[in-house]
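*Asks:* I have a structure I would like to understand better, so I am pasting it below and will then ask my questions one at a time.
The values are calculated or read from the model by the stated rules, or taken from the named source; none is laboratory data. Just so we're clear, the structure is a prediction, and the values are computed from it rather than from any experiment. Cβ placement follows ideal geometry from the backbone for every residue including glycine, while neighbour counts extend to all protein chains displayed. Just so you know, the surface numbers come from the protein's heavy atoms only, side chains and all, with ligands and any DNA or RNA stripped out. Shrake-Rupley method; radii C 1.70, N 1.55, O 1.52, S 1.80 Å.
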Amino acid sequence: MIGIIRTVRKAQRGNDKAFLKLFQQYEEDLYRIAYVYVKNKDDALDVVQETAYLSFKKINTLKNPEYFKTWLTKIAISCSIDLLRKRKKVVHLKPGYEEFVGSDDEDIPLSLSLQELVDTLNEDEKSIVLLRFYYDQTFREISEILEIPLGTAKSVLYRALDKLRKQVKEAGMYE
């Protein structure tokens with residue numbers, strides 16, 4: 001931890017190599033976070049690149065060097081959500097690609113079903129569920145990453161889990 005704090009301070013003083021060393025340490029985690037949101041390799045790589053650019057540009061705004069990873073994670077989530085918002089504005093000129101989707105009688109992989117369930121949550125709920133269960137973050141870490149009160153993080157998680165339980169029961173996947 002002391003080594004990270006020292007390296008962050010070097011990066012804040014303008015040491016490019018120190019920043020690169022720090023960023024590369026967390027690059028794989030950032031990619032995984034981005035991929036969960038944007039659901040494809042190219043967009044996830046774009047998010048990681050944007051995260052690198054923004055974090056490099058704003059490294060001086062980091063007040064507590066010991067929270068460098070948390071700070072990077074927050075930037076990656078924000079970049080992912082921004083990309084998704086931009087993507088929603090895209091109008092597809094040729095709707096009707098149903099022929100490329102499998103038939104209804106095929107087995108749907110469990111991971112796809114879980115992904116579809118998580119996708120029904122709003123962005124706040126999705127972020128908290130993913131951070132808690134996919135990245136094993138504590139409620140305190142989640143509240144710091146998302147800059148929300150600890151109680152809010154807990155209540156949003158429980159509300160999201162309740163939504164997911166109801167959807168699973170309605171779909172008859174859980175008894």
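*Asks:* Report the charge-dipole magnitude of the range 1-54 in Debye, nearest 20, computed about the Cα centre from +1 at each Lys and Arg Cβ and -1 at each Asp and Glu Cβ.
*Replies:* 460
*Asks:* So, taking all protein chains as they sit and a 1.4 Å probe, how much accessible area belongs to ARG132, in Å² rounded to tens?
*Replies:* My reading of the accessible area for ARG132 is about 70 Å².
*Asks:* What are the principal axis extents of the Cα atoms in the range 1-88, in Å, biggest first?
*Replies:* That works out to 40, 20, 19 Å along the principal axes.
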